[in-house]
Amino acid sequence: VFDHLEQAPEDPILGITVAYNKDPHPGKVNLGVGAYRTEEGKPLILNVVRRAEERLLADRSKNKEYLPITGLADFNKRSAMLILGSDSPAIVEKRLVTAQCLSGTGSLRVGAEFLARHYGVKLVFLPTPTWGNHFKVFMNAGLAVKTYRYYDNKTRGLDYEGMLEDIGAAPSGSVILLHACAHNPTGVDPTPQQWEGIRQAIRNRGHLPFFDSAYQGFASGSLDKDAHAVRTFVADGGECFIAQSFAKNLGLYGERVGALSIVTKSSGVATRVESQLKLVIRPMYSNPPIHGASIVALVLGDGDLFSEWTVELKGMADRIISMRHKLYDALRARGTPGDWTHILKQIGMFSFTGLNKEQVQFMTREYRIYMTLDGRISMAGLSLKTVPLLADAIHAAVTG
Ligand code: PMP
């Protein structure tokens, strides 16, 4: 009965790992997926995660019963405190609902489903460029998707004027998707002053901001600093959606732990929103998994584990920053034509190199460097050993 089906293309990001795994060459390097690697190129399980898991294992009072539809209450409370700050007016005034969802993607998707069902303006604006999956997440939920200007190829920075113009021209009440920090794929974030301008532009038009926070703590190494944009939007008393992921900052990729928070204008509305959110979630996956959320709740709730986490998080952020310097120095040493300072300036896991599709394909073919066709490289996948190869490949691609 499925004879008519055509072969679907691989996912543009996850498909890179498929191609990488097929390549038998021992010197291959995977800079496609945004997953942290140690200096030895190995995936990292944080020590605080191991400690939390040991405690969970030793605690005989724990069981594997179903969680409620919106997940582990303690996890939800602490996740909201992490992104909003514990003294946030939305928390103090009980003006928010938080639901544990399947990592960042699942949180975005549940938020999108909720909007499609209950929000009047079924139109979302995404930055150009953005994480490719954003389009499909919102379209599959039934929203129309448009874009706003974000990245300026010429300056390799933010197209602030263009962004404000597009936000101003969007139909009143549109959903505006914002990357909370460490914009993927560009690594370009607004300054605090620019965030203030963006906030005003969004509120003036009565738009609904939807934050995607996949990298809190990864951009600057500071959890509070990376939550700045979200907190300024919540401080003005307006509504806001936030999708949080613990994939990167706690290294819990495959555990699929995340949260959707919906900030409303009153606690009464929040209660009703929660009741409707449950109706959205129940027929999709009933309730979320327990293990990863229990780890996060322990780490966020225990002073000792929390402070060890902040040190480990900063360690990951610092290693990525040092890779930026190593790559920049290596390109300078080779005399590679072009201004590569954007590699130093960009924030977060990725570098948006400016290399085009043909150059990327050349680097994969000749140097076995696997990366997305838009020229994005995962700095978190680089090491002292692989920087010279990448610099050689970029040099050859640019001069060849
Ligand atoms: N949003 C952005 C911007 C991302 O980069 C990612 C991960 N690459 C996600 C959301 C979702 O990740 P996950 O579902 O693994 O939490």
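The values are calculated or read from the model by the stated rules, or taken from the named source; none is laboratory data. It should be emphasised that the depicted structure is a prediction, and the values quoted were computed from it without experimental measurement. All Cβ positions, glycine included, derive from the backbone under ideal geometry; neighbour counts span all protein chains shown.
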Does any residue in the stretch 9-35 that is assigned by TED's automatic domain parsing to the domain that holds ASN184 and modelled with pLDDT of 90 or more come within less than 6 Å, Cβ to Cβ, of a residue that is away from the ligand (no atom under 12 Å from the Cβ) and among the hydroxyl-bearing types (Ser, Thr, Tyr) six or more places away or on a different chain, and which pairs are these? none
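Among LEU164, LEU177, LEU158, which is in contact with a His (Cβ under 7 Å, 6 or more places away or on another chain) and either within 16 Å of the ligand (Cβ to nearest atom) or in the same structural domain as LEU260 (by TED's automatic domain parsing) (or both)? Can you show your working first?
Values: LEU164 fails: in contact with a His (Cβ under 7 Å, 6 or more places away or on another chain); LEU158 fails: in contact with a His (Cβ under 7 Å, 6 or more places away or on another chain).
Within the list LEU164, LEU177, LEU158, the selection yields LEU177.
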Answer yes if at least one residue in the stretch 115-138 is polar (S, T, N, Q), part of a strand (DSSP E or B) and touching a residue at least 12 places away in the same chain (Cβ under 8 Å), and no otherwise. yes
Hey, does the stretch 211-226 have a residue that's of a type outside the set (Val, Ile, Thr), within 16 Å of the ligand (Cβ to nearest atom) and in contact with a Ser or Thr (Cβ under 6 Å, 6 or more places away or on another chain)? yes
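When you scan the stretch 72-79, do you find a residue that is touching a residue at least 24 places away in the same chain (Cβ under 8 Å), more than 26 Å from ARG319 (Cβ to Cβ) and touching an Asp or Glu at 6+ places or on another chain (Cβ under 7 Å), even just one?
First, pick out the residues of the stretch 72-79 that are touching a residue at least 24 places away in the same chain (Cβ under 8 Å): 72, 74-76, 78-79.
Now restrict to residues that are more than 26 Å from ARG319 (Cβ to Cβ): 72, 74-76, 78.
When the remaining residues are screened for being touching an Asp or Glu at 6+ places or on another chain (Cβ under 7 Å), the result is none.
No: zero hits.
So for the stretch 84-96 (the condition being touching a Phe, Trp or Tyr at 6+ places or on another chain (Cβ under 9 Å) and either assigned by TED's automatic domain parsing to the domain that holds HIS291 or under 18 Å from VAL230 (Cα atoms) (or both)), does at least one residue qualify?
Filtering the stretch 84-96 for residues touching a Phe, Trp or Tyr at 6+ places or on another chain (Cβ under 9 Å) gives none.
There is no residue in the stretch 84-96 that is touching a Phe, Trp or Tyr at 6+ places or on another chain (Cβ under 9 Å) and either assigned by TED's automatic domain parsing to the domain that holds HIS291 or under 18 Å from VAL230 (Cα atoms) (or both).
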Which pairs do you get when a residue that is on the phi > 0 side of the Ramachandran plot, found in the stretch 183-194, comes within reach of a residue that is part of a helix (DSSP H, G or I) and crowded, with 21+ Cβ neighbours inside 10 Å, reach meaning Cβ atoms under 9 angstrom, with the pair 6+ apart or on two chains? GLY187/ILE343; GLY187/MET379
